[in-house]
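Note sheet for the following structure.
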Amino acid sequence: MSSKISRNGSLAGFRVVDLTEGICGPFSSMQLADAGAEVIKIEPPTGDYARQVGPPFVNGESAAFLSLNRNKKSVVLDYRREDQQRILHQLGTTADIFLEDLGPGKAEQLGFGYRQLAHRNPRLVYCAISAFGEEGPLKDLPGAELVIQAMSEYTASLGRIGDPPLRIGADVASINTGIFAAQAILAALFHRERTGQGQRVAVSQFGSLLHLRGIMWHSMTEPDDWYGFHLDHYTNPPDYGYQAKDGALYFILRRGSSEDWDRLVLELGIERVLSDPRFSDYGRQATSIGRYAPEVKHIWEEAFKTRSRDEIIALIKNLGGDAVPILDYPSLVSHPQVEAMDIIVEVPHPNGGSFKTIRPVARFAGATGAQITAPPKLGEHTREILAEVSSATDVS
């Protein structure tokens, strides 16, 4: 049986040569693969290091690797060897997109920097991902998720004042950089379609998180013009939602009339707040990220403690507010909304059985989506791709 992957989707016909490992680059190339591009994943003989990340493992495969490398082909090349550098260079001449995360100057030293590949392939879109950018005193510092979070001030606004900084649980530096890299690649492809010329784009994890922090820093430069969440998060305790009798919820009062507000207050038995200035404007400053939300939280929870979470959510929604339960993993994956979105898909596992993963977020009307295929085994497509390269070399 042929190992060729039949691709549909908006990027069908585009070839990506992906020389990245771990989370950031593979997440970026997976977005391109999900849109139909042929992604050739170049791995060293030991494989992408993410193959060893775990537990958990699924049928002997790293769950992290499985989550980042669907819809790709795996080719093993020891690209530090001169003979295999030539193979990689030849692959680069067939590519529309070349993606690498070796660090500033490393690809050039090995013979497959942008200028070296673009000499024979001027339409190439080349994306270089780095930890701290390509200039400055930290440009050669190896990146790691916690290093980037700490350097970009991301850990400063979590936890309690006086306690040690806290990381964000998600890999926000790696994942967001992968998203920004995919956006940059698509912009460069659009430029190429208009002009016929490829180009090099560079994206850094540090720069990505600084970009995401921008709104916070804008507010801090003019603190008199801002209040609430944008500044108070440095001094407010963590927000665990509002505790009801059987669980926590989150709610906000941003719609509704004065009559709705009065009915809510009466239903909850907290009529005393009607004369409390912190609850003015129909309670909008007393919930969510409102100015007074933390200091009046105990009043809401006192009213909620004898009622079920579903009861409170229904009441708030009926009176023009927004309310949702705070979910844990089991209740999230079984939630009717997750089921309705059909976002969890089961994919056959290369070692037998199957595994569950999150399908691509974007849905395209009028375009056939790419079929989801399992992440490749190490070197699964080496023979196929190298035969193609050899054939092309013989013809030329």
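With the requirement that a residue be over 24 Å from Gln199 (Cα atoms), in contact (Cβ under 8 Å) with a residue 24 or more places away in the chain and part of a loop (DSSP other than H, G, I, E, B), what does region 58-105 give you?
Asn59, Gly60, Asn69, Arg70, Asn71, Leu77, Asp78, Arg80
Given the conditions (1) within 34 Å of the chain's Cα centre (by Cα); (2) closer than 13 Å to Val265 by Cβ, and given that Arg284 satisfies all but one, which numbered condition is not satisfied?
(2)
Can you find, within region 198-236, the residue that is modelled with the lowest pLDDT among those that are touching a Pro at 6+ places or on another chain (Cβ under 7 Å) and not assigned by TED's automatic domain parsing to the domain that holds Gln183?
The first filter runs over region 198-236 and keeps only residues touching a Pro at 6+ places or on another chain (Cβ under 7 Å), leaving 198, 231, 236.
Then keep just the ones that are not assigned by TED's automatic domain parsing to the domain that holds Gln183; that gives 231, 236.
Values: Leu231: 53, Asn236: 65.
Top of the filtered list is Leu231.
Kindly indicate the residue of region 13-35 that is touching a Ser or Thr at 6+ places or on another chain (Cβ under 9 Å) and part of a strand (DSSP E or B) and also surrounded by the most Cβ atoms within 10 Å (Cβ to Cβ) among those meeting that condition.
Asp18
Among the numbered criteria (1) in a helix (DSSP H, G or I); (2) out of contact with any helix residue (DSSP H, G or I) (no Cβ under 6 Å at 6 or more places or on another chain); (3) over 23 Å from Val201 (Cα atoms), which single criterion is violated by Pro55?
That leaves (1) as the condition not met.
State whether one or more residues within region 159-177 are crowded, with 18+ Cβ neighbours inside 10 Å and touching a Ser or Thr at 6+ places or on another chain (Cβ under 6 Å).
Yes, region 159-177 has at least one match.
Which condition number in (1) at pLDDT 90 or above; (2) over 30 Å from Arg160 (Cα atoms); (3) of a type outside the set (Gly, Ala, Ser); (4) surrounded by fewer than 19 Cβ atoms within 10 Å (Cβ to Cβ) is the one that Glu259 fails?
The single condition Glu259 does not satisfy is (1).
Restricting attention to region 124-149, which residues are aliphatic (A, V, I, L, M) and under 22 Å from Phe27 (Cα atoms)?
Leu124, Val125, Ala128, Ile129, Ala131, Leu141, Ala144, Leu146, Val147, Ile148
Name the residues in region 164-175 that are at pLDDT below 95 and of a type outside the set (Gly, Ala, Ser), would you?
Once the filter is applied, which keeps residues that are at pLDDT below 95 and of a type outside the set (Gly, Ala, Ser), region 164-175 yields Pro164, Pro165, Leu166, Arg167, Ile168, Asp171, Val172.
What residue, among those in region 150-172 that are without any contact (Cβ under 8 Å) to a residue 40 or more places away in the chain and assigned to a helix (DSSP H, G or I), is farthest from Ser29 (Cα to Cα)?
Among them, the one singled out is Thr155.
With the checklist (1) out of contact with any Pro (no Cβ under 7 Å at 6 or more places or on another chain); (2) in a loop (DSSP other than H, G, I, E, B); (3) within 30 Å of Arg194 (Cβ to Cβ) in hand, flag the one item Glu134 doesn't pass.
Single failed check for Glu134: (1).
The values are calculated or read from the model by the stated rules, or taken from the named source; none is laboratory data. Values in this document were obtained by computation on a predicted structure and should not be read as measured data. We place every Cβ from the backbone using ideal geometry, glycine too, and count neighbours over all the protein chains shown.
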